[in-house]
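Working notes, structure below.
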Amino acid sequence: AAMVQKYQSPVRVYKHPFELIMAAYERRFPTCPLIPMFVASDTVSEYRSEDGAIHVIERRCKLDIDAPRLLKKIAGVDYVYFVQKNSLNRRERTLHIEAYNETFSNRVIINEHCSYTVHPDNEDWTCFEQSASLDIKSFFGFESTVEKIAMKQYTSNIKKGKEIIEYYLKQLEEEGITFVPRWTPPVACKSESSTSHPRRPVSPAINIPESATKEGLSNKEILNTSSSPSEPTAGTPDDKLDADYIKRYLGDLTPMQESCLIRLRQWLQETHKGKIPKDEHILRFLRARDFNIDKAREILCQSLTWRKQHQVDYILDTWNPPQVLQDYYAGGWHHHDKDGRPLYVLRLGQMDTKGLVRALGEEALLRYVLSINEEGLRRCEEFTKVFGRPISSWTCLVDLEGLNMRHLWRPGVKALLRIIEVVEANYPETLGRLLILRAPRVFPVLWTLVSPFIDDNTRKKFLIYAGNDYQGPGGLLDYIDKEIIPDFLGGECMCEVPEGGLVPKSLYRTAEELENEDIKLWTETIYQSASVFKGAPHEVLIQIVDASSVITWDFDVCKGDIVFNIFHSKRAPQPPKKDSLGAHSITSPGGNNVQLIDKVWQLGRDYSMVESPLICKEGESVQGSHVTRWPGFYILQWKFHSMPACATTNLPRVDDVLASLQVSSHKCKVMYYTEVIGSEDFRGSMTSLESSHSGFSQLSAATTSSSQSHSSSMISR
């Protein structure tokens, strides 16, 4: 199977005018000593417009690819030919370059597109972007070898591109050329050409203060002072990443790693409504999957759904940990390590995990750990600004002094494993280093229980010291400055971390209390959770008094495929009878499943459908709205979507039979949120949404057929 490799570069900004960059670029031809593989080039065709503004030139370039002799022999060629077509528009100040391979074009398809354009915020700067694709159909059985060679050559050329332009800029400067005038229309006697000139006023570079460019501040930093610090990308056109920003905020990435980040980010902007994660967080998921873009996308999407489900984005602002945690959870942030990473200190040995689980339940404990991780992300971002280099992970120091058999209490270990699992899945690549100090004799037992749940990459970052070894060579001082070693480890720094201690039994709660508590915590999010069964849809009633209101909805299909409907009825449905739930509520604790439409009601007589049904697949996130035309009762319905049996035979297919045998396939889960808005408010919010370019979905095609249907999504905070 042929793999199509794609590459998309960040934006590279040259702080020189377009015309000077063009003068430098032209010097690469016909050959360029800096690109040894570029042996020669001949002009195939050339076109110049009468006024000199347009210049199109097509060249045939001869390349000596650095490939094993054997491969060249098998392929029967010494050189590879590429066709490169450059279209220069001096009026618009753009150069577009298209290149493709002529040799082996029936076996291998290589396409490249590059552009030089004027920076949107400073007309004396030039932006460069490049994208390419490589598709190897067949190559004498050497497809993967050719792919590796091609990728290697390509990435080394990407790195060279910038050096080459800079080399020729320097050469021009040495020859005394530091300014190339812009193109101006030739002066003709005819009046119309002179009138057409003022039509293109040169936009003055207003937003860059003169002094700032002199001091060599990048455009990014200038913009940053004005825009909020959380969006350091403000300086790039159309929210693209530029190379300098990547280096400063995200670190040294290879060209292919940059390309993966840019492509995944682009995909998120196109498909995910509302908040998309920060660049450094997207990068963590890519690192966790060795930059395999599909695998990274999968875990990132799962994590985004999970964040939404548990309202994790708001946890730092809205959740106050219970007092028991503040008193007895022996962990806290403490300065930073020698690499500038935030340091988290956990006195696990002093902590009564059993007591905490019994007093709080696992859910509150998990939530607390999540808030610690969220704070970690926030600190990484802050330290990246403070230390002037990318910091994307933190260091954790765990003191096991006092660890004993009580810590091996099963529910406690289970809670720990679940917490580790959730953190591994949603905060990948955030642990820079884990220092485990004063490990006692029971530690190996605990370690064997826990280590299988920990990712290999993460495990490499563990350093374990028994007894007082941490004070010796290769110990704590290698990683943490002497001044901030906490007092309880023999240092001189007062550490604010609570000392833990036993949670009084009077604070313990019964299992029932905790059970109820868990469910309460679960619905603390603004989303309701519902179960949908075959033959038992979930229905929600909305009563409308003011005819032109807007019903909005936002739901995630967590499991199974469903059909979403919206109905209108003039009369109120009977309140649902509780006993109809009997059968299901046993199997689904807390399973919310309500039917409102009476079995005797007829569609078209008792109630009507006001939007076309929408089929939603597992994992989809749907947002939309309906402008009501009549007062009365509206019913939102989520119904089990059953696969149609094979139409040709009318006999059930094997797959269908198997699917129907799995009971679980008869249950779907939906997480939903609905709100009714007065239509004036809604119009206001619609326009503000449309102008803010946020990636809110246009409602899925199935419902847009109703002209009344706007699409929008509101999440009330």
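Output the qualifying pairs, or none if there are none: Cβ atoms under 9 angstrom, residues six or more apart or on different chains, first residue in the range 591-614 and more than 20 Å from Ser531 (Cβ to Cβ), second residue open to solvent by 60 Å² or more (accessible area, probe 1.4 Å) and of a type in the set (Ser, Thr, Tyr).
Glu611/Ser705; Ser612/Ser705
Which one is surrounded by the fewest Cβ atoms within 10 Å (Cβ to Cβ) among residues in the range 461-480 that are out of contact with any Gly (no Cβ under 9 Å at 6 or more places or on another chain) and part of a loop (DSSP other than H, G, I, E, B)?
Pro473
Identify the residue in the range 545-577 that is at pLDDT 90 or above and in contact with a Pro (Cβ under 8 Å, 6 or more places away or on another chain) and, among all such residues, is nearest to Gln602 (Cα to Cα).
Asn565
Being open to solvent by less than 30 Å² (accessible area, probe 1.4 Å) and in contact with a Lys or Arg (Cβ under 7 Å, 6 or more places away or on another chain) is the filter here; which residues of the range 428-450 pass it? Full working, then the answer.
The initial filter retains those residues of the range 428-450 that are open to solvent by less than 30 Å² (accessible area, probe 1.4 Å), namely 428, 430, 432, 434-437, 439, 443, 446, 450.
The answer is Pro428, Thr430, Gly432, Leu434.
Touching a Cys at 6+ places or on another chain (Cβ under 8 Å) and surrounded by 15 or more Cβ atoms within 10 Å (Cβ to Cβ), is that true of Phe29?
Numbers: touching a Cys at 6+ places or on another chain (Cβ under 8 Å): no; surrounded by 15 or more Cβ atoms within 10 Å (Cβ to Cβ): yes.
Taking the combined requirement at face value, the residue does not satisfy it.
Given the condition open to solvent by 60 Å² or more (accessible area, probe 1.4 Å), under 43 Å from the mean Cα position of the chain (by Cα) and closer than 20 Å to Glu129 by Cβ, answer yes or no: does some residue in the range 45-60 qualify?
Step one: of the range 45-60, the residues open to solvent by 60 Å² or more (accessible area, probe 1.4 Å) are 46-48, 50, 60.
Checking the rest, the ones that are also under 43 Å from the mean Cα position of the chain (by Cα) come to 60.
From what's left, closer than 20 Å to Glu129 by Cβ: none.
No.
Give, as residue ranges, the strands (runs of 3 or more DSSP E) completely inside the range 89-191 that count at least 1 residues that are in contact (Cβ under 8 Å) with a residue 12 or more places away in the chain, touching a helix residue (DSSP H, G or I) at 6+ places or on another chain (Cβ under 8 Å) and over 18 Å from Tyr25 (Cα atoms). Talk me through it step by step, then tell me what you get.
On the way: elements: 94-101, 108-119, 122-136.
Ranges flagged: 108-119, 122-136.
Testing Ala234 on (1) in contact with a Leu (Cβ under 7 Å, 6 or more places away or on another chain); (2) at pLDDT 90 or above; (3) open to solvent by less than 50 Å² (accessible area, probe 1.4 Å), one condition comes back false. Which one is that?
Only one criterion in (1) in contact with a Leu (Cβ under 7 Å, 6 or more places away or on another chain); (2) at pLDDT 90 or above; (3) open to solvent by less than 50 Å² (accessible area, probe 1.4 Å) is unmet by Ala234, namely (2).
Okay, residues lined up against (1) at pLDDT below 85; (2) more than 27 Å from the chain's Cα centre (by Cα); (3) outside the structural domain of Tyr81 (by the TED database):
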| residue | (1), (2), (3) |
| --- | --- |
| Ile109 | no, yes, no |
| His113 | no, no, no |
| Asn122 | no, yes, no |
| Cys127 | no, no, no |
| Gln130 | no, no, no |
| Ile136 | no, yes, no |
| Gly141 | yes, yes, no |
| Gln153 | yes, yes, no |
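For a quick check of your reading of the model, give me the residue pairs whose first member lies in the range 376-392 and is open to solvent by less than 40 Å² (accessible area, probe 1.4 Å), whose second is part of a helix (DSSP H, G or I) and of a type in the set (Phe, Trp, Tyr), with beta-carbon atoms closer than 8 Å and at least 6 apart or on different chains.
Matching pairs, first to second residue: Thr384/Tyr249; Ile391/Phe383.
Taking the range 310-327 on its own, how many of its residues are touching a residue at least 12 places away in the same chain (Cβ under 8 Å) and assigned to a loop (DSSP other than H, G, I, E, B)?
Quick first cut of the range 310-327, residues touching a residue at least 12 places away in the same chain (Cβ under 8 Å) only: 310-316, 319, 321-322, 324-327.
Filter again for assigned to a loop (DSSP other than H, G, I, E, B), leaving 310-311, 319, 321-322.
Final tally of qualifying residues: 5.
For the range 481-491, state whether one or more residues are open to solvent by less than 40 Å² (accessible area, probe 1.4 Å), outside any loop (DSSP other than H, G, I, E, B) and among the small types (Gly, Ala, Ser).
No: zero hits.
Considering the range 269-288 alone, what residues qualify as being touching a residue at least 60 places away in the same chain (Cβ under 8 Å) and out of contact with any Phe, Trp or Tyr (no Cβ under 8 Å at 6 or more places or on another chain)?
Of the range 269-288, the ones touching a residue at least 60 places away in the same chain (Cβ under 8 Å) are 269-274, 276, 278, 280-281, 283-285, 287-288.
Correct list: Gln269, Glu270, Thr271, His272, Ile276, Lys278, His281, Leu283, Phe285, Arg287, Ala288.
Just to check your reading of the model, which residue among Arg265, Arg307, Arg287 is open to solvent by 50 Å² or more (accessible area, probe 1.4 Å) and part of a helix (DSSP H, G or I)?
Numbers: Arg265 fails: open to solvent by 50 Å² or more (accessible area, probe 1.4 Å); Arg307 fails: open to solvent by 50 Å² or more (accessible area, probe 1.4 Å).
Only one candidate passes the filter, namely Arg287.
The values are calculated or read from the model by the stated rules, or taken from the named source; none is laboratory data. Everything numeric in this text was worked out from a predicted model, so none of it was measured. Glycine gets a Cβ as well: all are built from the backbone with ideal geometry, and neighbour counts include every protein chain shown. In case anyone asks, the SASA skips ligands and DNA or RNA and just uses the protein heavy atoms, side chains included. Shrake-Rupley method; radii C 1.70, N 1.55, O 1.52, S 1.80 Å.
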